[in-house]
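Take a look at the structure set out below.
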Amino acid sequence: MAESPEEYEPLAARQVIQKAFPSVDDISPREDNRAIQELRRGEELLGYAYQTLDFVQTPAYSGKPLNALVVLDTEGEIKGARVIHHDEPILLIGIPEIKMHEFTDQYVGLKADQRVTVGGKSSERRVAVDGLSGATVTVMVINEVIMKTAHRVGAELGLVKGGGEARPPVAEVRTGEFTEKSWEELTGDGSFRRLLVTKGQVDDAFKGTGAEGIDEASPAERDEALIDLYTGYLNVPTIGRNLLGESQYQWLMSELQEGEHAIAVMASGEYSFKGSGYVRGGIFDRIQVRQFGDTFNFRDLDFYRLSDVYAGGMPEFSEMAIFVIRQQYNFDPGTTWALELSVKRQTGPLDSEFAVFPLEYQLPDQYYNRPEVELSEEEWLETQPLWVQVWYQRQFQIIVLGIGIGALMFILFFQDWLVKKPRATRWIRHAFLTYTLFFIGWFALGQLSIVNVLTFVNSLISGFQWETFLVDPVIFILWATVAGIILLWGRAVYCGWLCPFGALQELVNEIARKLKVPQYTVPFPIHERLWAIKYIILLVLFGVSLDSLATAEKLAEIEPFKTAITLRFDRSWPFVTYAVLLIVVNLFTRKVFCRYMCPLGAALALPTKLRVFDWLKRRKECGNPCRLCEHECEVQAIHPDGTINYQECHYCLDCQMTYFNDNKCPPLIVKRRGKRRGHNAPGHPEQIPVTQVT
């Protein structure tokens, strides 16, 4: 039944349709595909509308598919496109919706069969649309769902040239090779394939149809074979000659024209694959071949009797035949095809029901060659999944990120050597933090978030897909790195070296110290109680995400990462004010947000206890009597007893620079002075005065 535009849901969809065709007064689903709406003005067909979610479910950055409404005219041109539902965190709270609508407006006027890419330059083969800064992955998914569905729907409606994947080059059969093989070997390597259909399987296939209950087998007969059928491709010498013998094989090959192919069909059992209704000039209606979605039927001229077979160890068959697949079908012997067997049951004088049983056949690889397809780089890329395209387009970020991670691994593995040069260590650390902030954060948008953790947990519950996480290579590489880092060093390394917002805070605080801004140290009893806040925040976010991931993502705005890093402070004033306030507080007390409020830091701290090594060295004098490192630790991760709390440490290496410095570490100073005065001689044990170090 037709409906008016006002009744067509949702509201956003109606608006897109009316913007594309202001005069539309009738919207009704097509009879053959109700997911496609026909748009009319009176009796005149104006175009079509559909929602992408009815055709593809490509996961976006959130792990969930988005839904867009697309309007096509009768010539296959896109007249309107708009995202009407999504769960993207960057678009829910971050980039204004108007920016996304401006992006989709670029598709108006494009043909459904055009190739469209996000970014780059337009060429004869493709149209480039402008991306959306801060939401690269999301807009690439939008591009894919709009254009893939437009082509699919346009092809279905006959507006553009047929859809479907391009066929590979036709395989070439190796005709110069022959190996003598028995029947057991031919069936063992897949040269001949088998379809066994039992009477019970046929009865089950007709359940729920008009033929249910007709000619059903008794319980004792259900496991009996109705037909035991084999098929094989005969053009290959090792298959054809072993079955037919030399002379019969040569005769068959002489009968075949170029581009024609012969298959053998052999069966035993009550059911005949040829059928009793076959007459001269007619069609074999019980079998057909299907390949690439096309079906090939056999007529009487495509049939040769097969009576003499020579493969050693063959069973007896009640009927055997050779069928020829003619040139016009463009059959590809190297691509999987199916021999479909139809079983018919009569339900009335003129009515019947059919059940189809397919026997899939794939010619073994050793019997054919496939010509290599020479594709341009651009053509090859278009054939790849979306995540491969994203990785390819972001090669520069991936390479530079890999170099940075490699440099960090060098620093960590050779830290004992490096910290003996305090000035160089500080210079290297500040340089790396600058790289983290400017490249990983503001350029590559590689800021990890608690939203990533919640999405990962949710995907484990609802159905894990690698593509969901592979679609953003920088985030994926960082998380893979963090997983390894936690096992070896714990949370500390990410928070202290790879977190862009953490790097921003630390660099700002360093500048404040250079400018002599007074610093405030939180008393340790208060400090260790404030630690709990971030774990409470994590618990709340996790609990909410179990009910609604979208709500949890909104609450995750307690992280200023999106404002300060992803959107580079280009956001509404409440979010910018909050992020700036955290940075201002950081001027006086280092990394307040990281230490007390960060749910991501809390999530990474929990598995830190599983780390394999304790890389930071301590002495028995640490904490009693010496407390120098405790007072120097800027994030107060060293307890009064001298132990390091790895769950709160940010791995700045300051304590290690002190540990190896015999001009600064009190135990080393005393030891050095004792050596100089000869106190290490027998009878003069080295002693450390018990004094408070401030």
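The values are calculated or read from the model by the stated rules, or taken from the named source; none is laboratory data. A quick note: this is a predicted structure, and the numbers were derived from the prediction, not measured. Cβ: placed from backbone, ideal geometry, glycine included. Neighbour counts: every protein chain shown. Each accessible area value is taken on the protein alone, full model and side chains, heavy atoms only, with ligands, DNA and RNA left out. Shrake-Rupley method; radii C 1.70, N 1.55, O 1.52, S 1.80 Å.
Are there trypsin sites (Lys or Arg not before Pro) in segment 164-269 that DSSP marks as loop and that have at most 11 other Cβ atoms within 10 Å, and which are they?
Answer in residue order: 207.
Assuming a viscosity of 0.890 mPa s and a temperature of 25 °C, what translational diffusion coefficient in µm² per second does Stokes-Einstein assign to segment 562-606, Rh being the Kirkwood radius over Cα pairs?
Rounded, D is 215 µm²/s.
Which percentage, to the nearest 5, of the DSSP beta bridges contained in the chain is antiparallel?
95
Taking only Cα atoms, what is the 0 to 90° angle, nearest 10, from helix 395-413's long axis to the longest principal axis of the chain?
50
Counting other Cβ atoms within 10 Å, keep those with at most 12, restrict to DSSP loop, and tell me which GluC sites (Glu not before Pro) in segment 250-313 are left.
Here the GluC sites (Glu not before Pro) that fit, given the DSSP loop and packing criteria, are 258, 270.
Going by a ≥ b ≥ c, the root eigenvalues of the Cα gyration tensor, does segment 182-302 fall in the rounded group (a/c under 1.5), the prolate group (a/b larger than b/c) or the oblate group?
Verdict is prolate for segment 182-302.
Using the Karplus equation 6.51 cos²θ - 1.76 cosθ + 1.60 (θ = phi - 60°), what ³J(HN,Hα) coupling, rounded to whole Hz, does each residue of segment 602-611 give in order, writing x for Gly and Pro?
Residue by residue, segment 602-611 yields 5, 5, 6, 6, 4, x, 4, 5, 8, 4 Hz.
Compute the acute angle (0 to 90°) between the alpha-carbon long axis of helix 422-435 and the principal axis of greatest extent of the alpha-carbon atoms of the chain; round to the nearest 10°.
It is inclined by approximately 40 degrees.
In a solvent-free Debye calculation with one equal scatterer on each Cα, what is log10 I(q)/I(0) for the chain at q = 0.06, 0.10 Å⁻¹, listed in the order of the q values?
With no solvent term, the Cα-only Debye profile gives -0.59, -1.05.
Roughly how many Å² is the accessible area per residue of the chain, as a whole number, for a 1.4 Å probe?
Accessible surface, normalised per residue, equals 49 Å².
Mind checking which aspartates and glutamates have their C-alpha under 16 Å from residue 161, skipping anything on the same chain fewer than 8 residues away?
73, 75, 77, 113
For residue 207, list the lysines whose Cα falls under 18 Å from its own Cα; do not include residues on the same chain fewer than 8 positions away.
The reachable lysines, counting only those whose Cα sits under 18 Å from residue 207, are 199, 344.
Could you please state how large a percent of the accessible area of the chain is carbon and sulfur, counting protein chains only and using a 1.4 Å probe?
Result for the chain: 55 percent of the exposed heavy-atom area is carbon or sulfur.
Ranked from highest to lowest mean number of other Cβ atoms within 10 Å per residue, what is the order of the peptides 500-507, 301-308, 633-640?
So the peptides 500-507, 301-308, 633-640, ranked by packing, come out 500-507, 633-640, 301-308.
By per-residue mean of other Cβ atoms within 10 Å, what is the highest-first order of 19-29, 413-423, 147-157?
So the order, starting with the most tightly packed, is 147-157, 19-29, 413-423.
Normalised by the residues of the chain, what does the relative contact order come to in percent, with Cα pairs under 8 Å and at least six apart?
Reported as a whole number, the value is 9 percent.
Pairs to check: 514/664; 99/562; 534/554; 514/591; 562/591; 99/591. Give those whose C-alpha atoms are more than 23 Å from each other in this structure.
99/591
Give the angle, between 0 and 90 degrees and rounded to the nearest 10, that separates the Cα long axis of helix 666-676 from the longest principal axis of the Cα atoms of the chain.
Roughly 60 degrees, rounded to the nearest 10.
How compact and how long is segment 463-573, expressed as Rg and Dmax of its alpha-carbon atoms in Å?
Cα-based Rg and Dmax for segment 463-573 come out at 17.2, 53 Å.
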